[in-house]
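To start, the structure under review is shown below, and the notes come after it.
The values are calculated or read from the model by the stated rules, or taken from the named source; none is laboratory data. Note that the coordinates shown come from a computational prediction; the quantities given were computed from them, not determined experimentally. Please note: Cβ atoms are built from the backbone with ideal geometry, for glycine as well, and neighbour counts cover all protein chains shown.
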Amino acid sequence: MKTFVTFSLAIILLSALSVPTRGQGSAVQLLNEGSAYQSADDTNDRAAIAYRLVIQKYPRTTQAEQAQYFLGTYYEKKFFLLEGQSKVEDWSSFNEAEQALYGYVGTYKLRGTKSYLADSYYALAIIALRRGYRDAARKLLTQMSDSARQDSQVYVSKVAPRRSDEVIKKYCETKALAAATLDALNNSSSFNATINNLTGWCRKNCR
């Protein structure tokens, strides 16, 4: 089962790993640092700095693969936090998120654990949907469904990282979540309606 970005959970799981080599230990420490900042809803890019250090200094480690994905979700979350708190639409955060998530897909689709491949497509689809790019979201959801053979589950902390009352914290089957998201998209006229419909589905159908 994949380690995920319920960041307190990520910290616990990473701390429980066997004693690593010196380089790996530093990678784990940096990953934990980034996770701690992200779980605290930091928007000053301290999490991003930690994740980038992991990627740059320890590029062939499992932690680098995790950091690549977490970097994308940090910036996705940052957009929604700033939008919710300050009514600021920080599209540059989405740009950074897309760069990191497409970087994960491009780098790890054919190597690594692929533990966040479907998750990356899902996050990219949510970003595309929030941008209003509905056709792009549909294409990404198709790619997500196709990735199920490599990554059969997606951990959903929230359908979109917005309000605290939308917490899910469940594993969803990749193909089922992709289909449900596509159905919610096709049957809702707005982003908020899509997310609300999908949140209800996740609570009933994920575990």
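For the stretch 158-188, the tally of residues that are under 24 Å from Gln85 (Cα atoms) and surrounded by fewer than 19 Cβ atoms within 10 Å (Cβ to Cβ) stands at 8.
The residue pairs whose first member lies in the stretch 181-207 and is modelled with pLDDT under 95, whose second member is surrounded by fewer than 14 Cβ atoms within 10 Å (Cβ to Cβ) and in a helix (DSSP H, G or I), and whose beta carbons are closer than 7 Å, counting only pairs six or more residues apart or on different chains, do not exist in this structure. When you scan the stretch 88-97, do you find a residue that is free of Cβ contacts under 8 Å to residues at least 40 places away in the same chain, surrounded by fewer than 16 Cβ atoms within 10 Å (Cβ to Cβ) and within 13 Å of the chain's Cα centre (by Cα), even just one? No, the stretch 88-97 has no match at all. Any residue at all in the stretch 177-195 that's assigned to a strand (DSSP E or B) and among the polar types (S, T, N, Q)? So far as the stretch 177-195 goes, no, none of its residues is assigned to a strand (DSSP E or B) and among the polar types (S, T, N, Q). Taken as a whole, the condition of being in the same structural domain as Leu182 (by TED's automatic domain parsing), hydroxyl-bearing (Ser, Thr, Tyr) and buried (at least 23 other Cβ atoms within 10 Å of the Cβ) does not apply to Ser152. Taken together, Thr107, Thr73, Thr142, Thr113 contain a single residue that is over 22 Å from Ala48 (Cα atoms), among the β-branched types (Val, Ile, Thr) and in contact (Cβ under 8 Å) with a residue 24 or more places away in the chain, which is Thr142.
Flag not set for Asp119, criterion: exposed (fewer than 15 other Cβ atoms within 10 Å of the Cβ), among the charged types (D, E, K, R) and either in the same structural domain as Ser39 (by TED's automatic domain parsing) or assigned to a helix (DSSP H, G or I) (or both).
Highlighted here are the helices (runs of 4 or more DSSP H) found entirely within the stretch 17-99 that include at least 1 residues which are more than 25 Å from Lys109 (Cα to Cα), modelled with pLDDT under 95 and of a type outside the set (Ser, Thr, Tyr): 22-39, 62-86. Search the stretch 145-164 for residues being of a type in the set (A, V, I, L, M) and not in a strand (DSSP E or B), and hand back the single one that is modelled with the lowest pLDDT. It comes out as Ala160.
Within the stretch 160-174, identify whether any single residue is under 22 Å from Thr113 (Cβ atoms), in contact (Cβ under 8 Å) with a residue 40 or more places away in the chain and among the aromatic types (Phe, Trp, Tyr), and answer yes or no. Yes, the stretch 160-174 has at least one match. Out of Leu81, Leu53, one residue alone is within 13 Å of Leu30 (Cα to Cα), in contact (Cβ under 8 Å) with a residue 12 or more places away in the chain and of a type in the set (A, V, I, L, M). It is Leu53. Using the structure shown, decide if Leu124 is assigned to a helix (DSSP H, G or I), in contact with an Asp or Glu (Cβ under 7 Å, 6 or more places away or on another chain) and surrounded by fewer than 18 Cβ atoms within 10 Å (Cβ to Cβ). So Leu124 fails the test.
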